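K.L.:
Sharing a structure below in structure tokens format, with a few things to ask.
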Amino acid sequence: MRSRSTLGAVATAGAVALLTAGCLSSGGGGGGSNNTSSSIEVMYGFTGQQSDDFIAVVKPWAERNNIDIKFSPTANFNQLINTRVQGNQLPDIAIFPQPGIMRSIAQRGSLTDLSGVLNMDDLKANMLPGALKAGQSDNGTQYAVLMSANVKNGVYYPLNAAPAAGLTPAPQTFAQLQQLTNTIAGTGTTPWCFGIAAEAATGWPATDWVEDLMLINYGEDTYNDWVQHKIPFNDPKVLDVLNQMEGLLLANGHVNGGRQSVASNNFGTAGNVMFDSPPGCYMYRQGNFLTQPGFFPDQVVQNLDSTVGVFPMPGKTPESKPVLGGGDMAGLFSGDNASAKKVMEYLTSTEFQNAAIAQSDSYLAPRTDADLSGYKSETSRNFAKIQNGATEWVFDGSDQMPGEVGSGSFWREMTSWISGQEDAKTALDNIEKSWPA
């Protein structure tokens, strides 16, 4: 999934050129040199309020520690960081939105092995299960560490209508979720909200569904093998998952507007009909970012805790708590810069993450020892509990795949399949053919 990068504006070629020229001429933070200055550059791909909140937390700490930080947010992070690496004009620290781009840069020898920089025993004891692995190269070298997290498999529902629909208590197993879906559909109402329209990124919400069902059905090891192409994309297990998704979500009477409307229904507002009277649908599986202003109706956002409930997509047993997640991971270019190393220690600390929780309602801490009482809303606290209770936590699969697939054929083929232009096997075969050699 590309939720945040999808939401950000895509820079034009001319704007990218201007932005690149500006960064190159500024000298950055001297990431490739023996720079012991207390002035460093932190580059990242989140903008707007999220960037403002990040600066509001980090800048006062930096000032107390006599470190001058140049904050470099850009909506076109992936292209710009590649350009700067190629030109050897490196920031001191980069905060990567996806493991794939981080690993491709690590292969060029630009990033620092963090095992000698951070307290790895502390991180292993207090990070989400699987979160450290997301920042590792194929050989296990730790090149990045999550400094923020998100949950991508929450199921939203309208609190007021939940008891009548049978949504309370929430289903504890996937079989119970299937039964609940059939029960709601049997009353003549629509159980699921769903939309995959996202302009040039149309299709990505469908990839999250596929990834989630791969994790639920087959577990972390098979999921990772599939993401890393150790098993083919069109493995029979994946076809089974698409058939399962079709029966649960896309069957007649199961999705608002019918299957044919899904590709034109915008992902950001697809769940809003939950709050109609009567509800146009009852469940919307989507990431925790949806609670930010600009998605649900304003009145819902302003009264989130009394309006919206959320439960995780359940596992096969009540004891299984799989979580599909993601987040931003910090990597260090200036391994010889004491100030940059100190900032890395801070970004991965409980101190930073507790401060970020208090600053922003959209922030989730990847450390399980962060203070749950600091979250501004019960909804955010519920998302934190979902991720902290994970028995398996995996990073979004399409964000780890080659770009030709993860943000290319996977999006396109899911759109074609859902729209009825091709069957599931053809879609998976086409994605497998597109995987780069």
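K.L.:
Relative contact order (percent) for segment 345-437, with alpha-carbon contacts under 8 angstrom and 6 or more residues of separation?
P.N.:
Numbers: 70 pairs, mean separation 15.3, N = 93.
Answer for segment 345-437 is 16 percent.
K.L.:
Let me ask something else. Which ³J(HN,Hα) values, rounded to whole Hz and listed in residue order, are derived for segment 123-134 from phi using the Karplus coefficients 6.51, -1.76 and 1.60 in 6.51 cos²θ - 1.76 cosθ + 1.60 with θ = phi - 60°, glycine and proline given as x?
P.N.:
5, 4, 7, 10, 9, 4, x, x, 5, 5, 4, 4
K.L.:
Using DSSP to call loops (not H, G, I, E or B), can you name the trypsin sites (Lys or Arg not before Pro) in segment 99-130 whose Cβ has at most 10 other Cβ atoms within 10 angstrom?
P.N.:
On the way: sites: Arg103, Arg108, Lys124; in loops: Arg108.
Hits after loop and neighbour filter: Arg108.
K.L.:
In terms of modelled amide H atoms, which long-range or inter-chain residues lie less than 5 Å from the amide H of Tyr44?
P.N.:
Under 5 Å from the amide H of Tyr44 lie the amide H atoms of Ser72, Thr74, Ile95, each far enough along the sequence or on another chain.
K.L.:
Per 5 Å bin, what percent of the C-alpha pairs of segment 128-270 does each bin hold, from zero upward?
P.N.:
That works out to 2, 8, 14, 18, 19, 17, 11, 7, 3, 1, 0, in percent per bin.
K.L.:
Another one. Skip the ligands, DNA and RNA, and give the accessible area per residue of segment 62-171 with a 1.4 Å probe, whole Å². Before the final figure, lay out the partial values.
P.N.:
Details: 4290 Å² over 110 residues.
Per residue, segment 62-171 has an accessible area of 39 Å².
K.L.:
For Cα pairs less than 8 Å apart in space and 6+ apart in sequence, what is the mean separation divided by the residue count of the chain, i.e. the relative contact order in percent?
P.N.:
Relative contact order of the chain: 26 percent.
K.L.:
Can you list the residues, at least 5 places off or on another chain, whose amide H is less than 5 Å from the amide H of Asp68, using H built in the peptide plane?
P.N.:
Residues meeting the amide H criterion: Ser39, Ile40.
K.L.:
What spacing in nm lies between the two simple spin-label points modelled at Ala125 and Glu422, each 7 Å away from Cα in the Cβ direction?
P.N.:
So the label points at Ala125 and Glu422 sit 5.1 nm apart.
K.L.:
Assigning unit charges at the beta carbon (Lys, Arg +1; Asp, Glu -1) and nothing else, what dipole magnitude in debye, to the nearest 20, does segment 199-315 show about its Cα centre? Mind dumping the intermediate values first?
P.N.:
Working: 4 positive and 13 negative charges, 46 e Å.
The calculation lands at about 220 debye.
K.L.:
A follow-up question, please. Hey, what do the phi angles of segment 264-275 turn into as Karplus ³J(HN,Hα) couplings, whole Hz, using 6.51/-1.76/1.60 and θ = phi - 60°, x for Gly and Pro?
P.N.:
Result, ordered by residue: 9, 8, 5, 4, x, 10, 4, x, 5, 5, 4, 9 Hz.
K.L.:
Nearest 10 degrees is fine. How inclined is helix 13-26 to the longest principal axis of the chain, computing both from alpha carbons?
P.N.:
Helix 13-26 and the main axis of the chain meet at about 30 degrees.
K.L.:
Taking segment 265-356, which trypsin sites (Lys or Arg not before Pro) meet the DSSP loop condition and have no more than 16 other C-beta atoms within 10 Å?
P.N.:
Loop-located and lightly packed - Lys316.
K.L.:
Assuming a ≥ b ≥ c are the square roots of the Cα gyration tensor eigenvalues, decide whether segment 100-157 counts as rounded (a/c under 1.5), prolate (otherwise, with a/b larger than b/c) or oblate.
P.N.:
Details: a/c = 2.84, a/b = 1.50, b/c = 1.89.
Oblate shape, in that a/c is at least 1.5 and b/c is the bigger or equal ratio.
K.L.:
If a paramagnetic tag sat 7 Å from the Cα of Ser434 along the Cα-Cβ line, which residues of segment 393-410 would have the backbone N under 20 Å from that point?
P.N.:
What the label zone holds, given the 20 Å backbone N cut-off, is 396-410.
K.L.:
Further, regarding this structure: Would you mind working out the magnitude of the charge dipole of segment 331-437 relative to its Cα centre, with +1 at each Lys and Arg C-beta and -1 at each Asp and Glu C-beta, to the nearest 20 Debye?
P.N.:
Details: 9 positive and 16 negative charges, 59 e Å.
It comes to approximately 280 debye.
K.L.:
A further question follows. With Cβ to Cβ distances under 11 Å as the rule, what net charge do the other residues near Ala390 carry (K, R +1; D, E -1)? Before the final figure, lay out each step's value.
P.N.:
Values: positive: Lys321, Lys385; negative: Glu220, Glu392.
Result for the neighbourhood of Ala390: 0.
K.L.:
Still on this model: Which far-off residues, 5 or more places away or on another chain, put their amide H under 5 Å from the one on Val308, with H placed in the peptide plane?
P.N.:
Leu159
K.L.:
Hey, could you pull the Cα Rg and Dmax for segment 67-169, both in Å?
P.N.:
Gyration radius and largest Cα-Cα distance of segment 67-169: 18.8, 60 Å.
K.L.:
While we're looking at this one, here's another question. Output wanted: per-residue J couplings in Hz (rounded whole) for segment 426-432, from phi through Karplus 6.51 cos²θ - 1.76 cosθ + 1.60, θ = phi - 60°, x for Gly and Pro.
P.N.:
4, 4, 5, 4, 5, 5, 4
K.L.:
Please work out which option in [x] 67, 65, 36; [y] 68, 48, 42; [z] 92, 61, 47 gives Cα extents along the principal axes in Å calculated from these coordinates, and answer with its label.
P.N.:
Comparing each candidate, only [y] matches the computed number.
K.L.:
Where the centre of each part is set by its Cα atoms, how far does segment 300-355 sit from segment 194-226, in angstrom?
P.N.:
Result: 20 Å between the Cα centres.
K.L.:
Still on this model: Take the alpha-carbon positions of segment 244-384, form their convex hull, and give its projected area averaged over all directions (one quarter of the hull surface) in nm².
P.N.:
Values: hull surface 47.2 nm².
The directionally averaged projection comes out at 11.8 nm².
K.L.:
Moving to a separate point now. Rounded to the nearest 500, what is the 222 nm mean residue ellipticity of the chain from helices alone, with -39500 (n - 2.57) per DSSP H run of 4+ residues and division by all residues? Mind dumping the intermediate values first?
P.N.:
Details: 18 runs with 176 residues, N = 437.
That comes out to -11500 deg cm²/dmol.
K.L.:
Which angle between 0 and 90 degrees, to the nearest 10, do you get for helix 350-359 versus the longest principal axis of the chain when only C-alpha atoms count?
P.N.:
60
K.L.:
Give the residue from Phe410, Pro171, Tyr218 lying farthest towards the positive end of the charge dipole for the chain; charges sit on Cβ (+1 for Lys and Arg, -1 for Asp and Glu) and the dipole is referred to the Cα centre.
P.N.:
Phe410
K.L.:
Something else now. Please check: in the Gaussian network model of the chain (C-alpha springs, under 10 Å), which one of Gly403, Gly331, Gly154 has the largest mean-square fluctuation.
P.N.:
The residue that fluctuates most here is Gly403.
K.L.:
Kirkwood hydrodynamic radius, computed over distinct alpha-carbon pairs, for segment 265-317: how many Å, to one decimal?
P.N.:
On the way: mean 1/r = 0.0837 Å⁻¹.
This gives a value of 11.9 Å.
K.L.:
For Glu319 and Glu378 in the same chain, what is the full-extension length gain: residue separation times 0.36 nm, less their Cα-Cα distance, in nm? Don't skip to the end; give the middle numbers.
P.N.:
Working: separation 59, 0.36 × 59 = 21.24 nm, distance 2.34 nm.
The Glu319-Glu378 span can extend by a further 18.9 nm.
K.L.:
Next question, about the same structure. Where nothing but the Cβ of Lys and Arg (+1) and of Asp and Glu (-1) is charged, how large is the charge dipole of segment 318-372 around its Cα centre, in debye to the nearest 20?
P.N.:
On the way: 4 positive and 8 negative charges, 24 e Å.
Around 120 debye, computed over segment 318-372.
K.L.:
Ok, one more. Less than 17 Å apart at the alpha-carbon level, and either on another chain or at least 8 residues along: which lysines does that give for Lys124?
P.N.:
Reachable lysines: Lys133.
K.L.:
Can I ask one more? Just round it to a whole percent: the fraction of Cα-Cα distances in segment 313-437 exceeding 26 Å. Each step should come with its number before you reach the end.
P.N.:
Numbers: 3624 of 7750 pairs.
Percent of Cα pairs beyond 26 Å in segment 313-437: 47.
K.L.:
Compute the distance in nm between two label points, each set 7 Å from the Cα along the Cα-to-Cβ direction, one at Gln79 and one at Asp240.
P.N.:
Using points 7 Å along Cα→Cβ, the separation is 4.2 nm.
The values are calculated or read from the model by the stated rules, or taken from the named source; none is laboratory data. Computed from a prediction, not measured in an experiment: that's the story for all the values here. Note that we place each Cβ from the backbone using ideal geometry, even for glycine, and neighbour counts take in every protein chain shown. When the accessible area is computed, the model is the full protein with side chains, heavy atoms only, and any ligands, DNA or RNA have been set aside. Shrake-Rupley method; radii C 1.70, N 1.55, O 1.52, S 1.80 Å.
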